[in-house]
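What follows is one structure encoded as structure tokens, with my remarks underneath.
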Ligand SMILES: Cc1ncsc1CCOP(=O)(O)O
Ligand SMILES: C=C1C=NC(C(F)(F)F)=NC1=N
Ligand SMILES: [Mg+2]
């Protein structure tokens with residue numbers, strides 16, 4: 001995983017999009033998304049065969065455009081699809097457990113919000129960490145209160161040099177603040193997935209990042 005791939009990291013599940021998820025993903029990638037995570041979670045999330053099919057359809061779109069396809073939480077699904085990576089939270093399986101189950105080529109991303117969690121992730125060989133919520137969000141039902149971009153600056157000041165993306169409530173008006181704070185990229189769900197023009201939303205966001 002190189003840092004540039006994390007610049008505009010789009011995350012979506014079938015329940016996060018106003019329109020057709022596949023059309024939203026295609027448009028978002030055409031707008032400049034550099035990495036994608038399939039995160040099928042929360043109210044109305046698909047399960048079983050339907051979830052797997054949705055993941056396969058989105059993986060095909062990512063493959064066609066050369067965008068890494070990461071699966072959230074579901075290691076079995078990531079292995080079944082030979083996804084490019086897996087993203088796990090602090091309360092999911094440990095990085096060691098994930099690494100044991102996954103082929104070496106797979107990207108392993110971890111959610112980490114404190115210096116301690118980030119240092120642990122770094123030591124255990126995570127490829128990147130996601131830190132947030134940066135700003136208030138309604139997309140993740142159990143999101144804790146915002147920690148702000150300053151949390152990323154604190155990680156950098158404490159020797160965390162892993163690739164880091166900020167996540168949570170990020171939109172074109174606040175994205176540059178996250179990069180200035182020391183993030184390698186921003187991770188976004190609703191400001192792209194719920195926009196009536198996901199391609200333009202992605203493009204306008206990306207213009208704020210470089
Ligand atoms: C998955 C996740 N983790 C922390 S906040 C969040 C939700 C981000 O969604 P949005 O970009 O719509 O605020
Ligand atoms: C809860 C999450 C936190 N961060 C990330 C990412 F942006 F990929 F790092 N993904 C998640 N699902
Ligand atoms: Mg999780």
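Just a few scattered comments:
- As for region 32-47, it holds no residue that is part of a helix (DSSP H, G or I) and surrounded by 15 or more Cβ atoms within 10 Å (Cβ to Cβ).
- Scanning region 181-190 for residues that are touching a helix residue (DSSP H, G or I) at 6+ places or on another chain (Cβ under 6 Å) and closer than 17 Å to residue 38 by Cα, we see that the one that is surrounded by the most Cβ atoms within 10 Å (Cβ to Cβ) is 186.
- Qualifying residue in region 47-59 (condition: touching a residue at least 40 places away in the same chain (Cβ under 8 Å) and away from ligand 2 (no atom under 16 Å from the Cβ)): yes
- Note on region 120-130: among residues that are away from ligand 3 (no atom under 14 Å from the Cβ) and under 16 Å from the mean Cα position of the chain (by Cα), the one that is nearest to residue 171 (Cα to Cα) is 128.
- Leading residue by the ranking (surrounded by the most Cβ atoms within 10 Å (Cβ to Cβ)) among those in region 115-138 that are more than 19 Å from residue 158 (Cα to Cα) and either modelled with pLDDT of 95 or more or touching a strand residue (DSSP E or B) at 6+ places or on another chain (Cβ under 6 Å) (or both): 133
- Qualifying positions in region 80-94 - in contact with a helix residue (DSSP H, G or I) (Cβ under 9 Å, 6 or more places away or on another chain), within 13 Å of ligand 3 (Cβ to nearest atom) and either free of Cβ contacts under 8 Å to residues at least 24 places away in the same chain or part of a helix (DSSP H, G or I) (or both): 86, 88, 92, 93
- Every listed requirement among (1) away from ligand 2 (no atom under 12 Å from the Cβ); (2) touching a strand residue (DSSP E or B) at 6+ places or on another chain (Cβ under 8 Å); (3) over 20 Å from residue 33 (Cα atoms) is met by residue 84 save one, (3).
- Of all the numbered requirements in (1) in contact with a helix residue (DSSP H, G or I) (Cβ under 6 Å, 6 or more places away or on another chain); (2) under 18 Å from residue 10 (Cβ atoms); (3) away from ligand 3 (no atom under 16 Å from the Cβ), residue 71 misses one, and that requirement is (3).
- Flag for residue 85 being more than 18 Å from residue 191 (Cβ to Cβ) and buried (at least 18 other Cβ atoms within 10 Å of the Cβ): yes
- Boolean, residue 98 is more than 20 Å from residue 169 (Cα to Cα), more than 13 Å from ligand 1 (Cβ to nearest atom) and in a helix (DSSP H, G or I): yes
- Annotation note: of 165, 178, the sole residue that is buried (at least 23 other Cβ atoms within 10 Å of the Cβ), at pLDDT 95 or above, within 16 Å of ligand 3 (Cβ to nearest atom) and under 18 Å from residue 5 (Cα atoms) is 165.
- Set side by side, the residues 170, 192 differ, and just one is within 12 Å of ligand 1 (Cβ to nearest atom), under 19 Å from residue 71 (Cβ atoms) and at pLDDT 95 or above, which is 192.
- Criterion (within 16 Å of ligand 1 (Cβ to nearest atom) and under 21 Å from residue 70 (Cβ atoms)) met by exactly one of 114, 137: 137
- Here residue 70 fits the description: surrounded by 18 or more Cβ atoms within 10 Å (Cβ to Cβ), within 16 Å of ligand 1 (Cβ to nearest atom) and in contact (Cβ under 8 Å) with a residue 12 or more places away in the chain.
- Qualifying residue in region 30-40 (condition: within 18 Å of the chain's Cα centre (by Cα) and away from ligand 1 (no atom under 16 Å from the Cβ)): yes
The values are calculated or read from the model by the stated rules, or taken from the named source; none is laboratory data. Computed from a predicted structure; not experimentally measured. Virtual Cβ from ideal backbone geometry, glycine too; neighbours counted across all protein chains shown.
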